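Colleague: Sharing a structure with you now.
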Amino acid sequence: MLDLAVLGLLHESSLHGYELSKRLKGVLGPFRAISYGSLYPCLSELQRAGYITTDDSASESGPGRRKKHVYKLTAEGKERLQEQLAEGGPSTWDDEAFGVRFAFFSQTDAEVRLRILEGRRSRLEERKANASTEMTSTREKLDRYTLELQRHGLESVEREVRWLNELIATERDGVAARPHRAGRAAKSSAAATKTP
């Protein structure tokens, strides 16, 4: 998922490694630390694949300062990003993948967004059912703090399912309204071009 996040950020603008690392923290969240030990190998791999390139002329370096590599997305990188954003299968519903995918929903096709949201909801509903069953079967065996932790986990999943339901409803409304609006706009345009 790190490669998707890097390609997505470089699609927005060219960045040097330090700035890219800061932006990744914003995309991936404060609880998922990105070390330079994972970022730079990812950048090297993307560069070897031809998805990104470096522009050293755009970097600001002076005497005694290390040259900064400014990373840019290539045409092949843009294609790879679009391929990744078009994927909406089960791997995109997992905890780690979903957050990264969601961060780039503005660049993702509406039908793919809906498929990812519905898949994520399905995955969480399954998790919720399992957690509820587990709580019921182990209630007598656990101390109150462990039960409280399980209840907190269950409530977190329920809260995310409610949030996903709202997002799915909004996406469905948007998908349903889009052809209608386009049809109305075409009729308005045709009416405007008619002469009396």
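The values are calculated or read from the model by the stated rules, or taken from the named source; none is laboratory data. Everything numeric in this text was worked out from a predicted model, so none of it was measured. We place every Cβ from the backbone using ideal geometry, glycine too, and count neighbours over all the protein chains shown.
Colleague: Would you be able to say whether some residue in segment 101-114 is closer than 27 Å to Thr53 by Cα and of a type in the set (Gly, Ala, Ser)? Steps first, answer last, please.
Modeller: At the first step, the residues of segment 101-114 found to be closer than 27 Å to Thr53 by Cα are 101-109.
Imposing the further condition that a residue be of a type in the set (Gly, Ala, Ser) reduces the set to 103, 106.
Yes, some residue in segment 101-114 is closer than 27 Å to Thr53 by Cα and of a type in the set (Gly, Ala, Ser).
Colleague: Looking only at segment 71-97, filter to residues that are surrounded by 13 or more Cβ atoms within 10 Å (Cβ to Cβ) and of a type in the set (Gly, Ala, Ser); which one of those is farthest from His11 (Cα to Cα)?
Modeller: Ser91
Colleague: Also, I was wondering about something else. When you scan segment 75-92, do you find a residue that is in a strand (DSSP E or B), over 20 Å from the mean Cα position of the chain (by Cα) and at pLDDT 90 or above, even just one?
Modeller: Within segment 75-92, none of the residues are in a strand (DSSP E or B), over 20 Å from the mean Cα position of the chain (by Cα) and at pLDDT 90 or above.
Colleague: Further, regarding this structure: In this structure, does Lys128 turn out to be more than 30 Å from Val6 (Cβ to Cβ), surrounded by fewer than 14 Cβ atoms within 10 Å (Cβ to Cβ) and not β-branched (Val, Ile, Thr)?
Modeller: In short, no.
Colleague: What is the number of the single condition among (1) without any contact (Cβ under 8 Å) to a residue 24 or more places away in the chain; (2) under 24 Å from Leu28 (Cβ atoms) that Ser137 does not meet?
Modeller: Status for Ser137: all satisfied but (2).
Colleague: Can we say Val100 is crowded, with 16+ Cβ neighbours inside 10 Å and more than 22 Å from Leu167 (Cβ to Cβ)?
Modeller: Numbers: crowded, with 16+ Cβ neighbours inside 10 Å: yes; more than 22 Å from Leu167 (Cβ to Cβ): no.
Spelling it out, it is not the case that Val100 is crowded, with 16+ Cβ neighbours inside 10 Å and more than 22 Å from Leu167 (Cβ to Cβ).
Colleague: Just wondering, is there one or more residues in segment 98-116 that are without any contact (Cβ under 8 Å) to a residue 24 or more places away in the chain and in a loop (DSSP other than H, G, I, E, B)? Don't jump to the end; show me each part of the working.
Modeller: So in segment 98-116, the residues without any contact (Cβ under 8 Å) to a residue 24 or more places away in the chain come out as 98, 102, 105-106, 108.
After this cut, where a residue has to be in a loop (DSSP other than H, G, I, E, B) as well, the list is 108.
Yes, segment 98-116 has at least one match.
Colleague: Moving on. For the condition in a helix (DSSP H, G or I), among the polar types (S, T, N, Q), closer than 23 Å to Pro90 by Cα and in contact with a Lys or Arg (Cβ under 8 Å, 6 or more places away or on another chain), what is the one hit in Asn130, Asn165?
Modeller: Numbers: Asn130 fails: in contact with a Lys or Arg (Cβ under 8 Å, 6 or more places away or on another chain).
Going through Asn130, Asn165 in turn, the sole match is Asn165.
Colleague: Moving to a separate point now. Does Lys68 satisfy the criteria of being of a type outside the set (Phe, Trp, Tyr), part of a loop (DSSP other than H, G, I, E, B) and at pLDDT 75 or above? Write out each step before concluding.
Modeller: Working: of a type outside the set (Phe, Trp, Tyr): yes; part of a loop (DSSP other than H, G, I, E, B): yes; at pLDDT 75 or above: yes.
Answer is yes for this residue.
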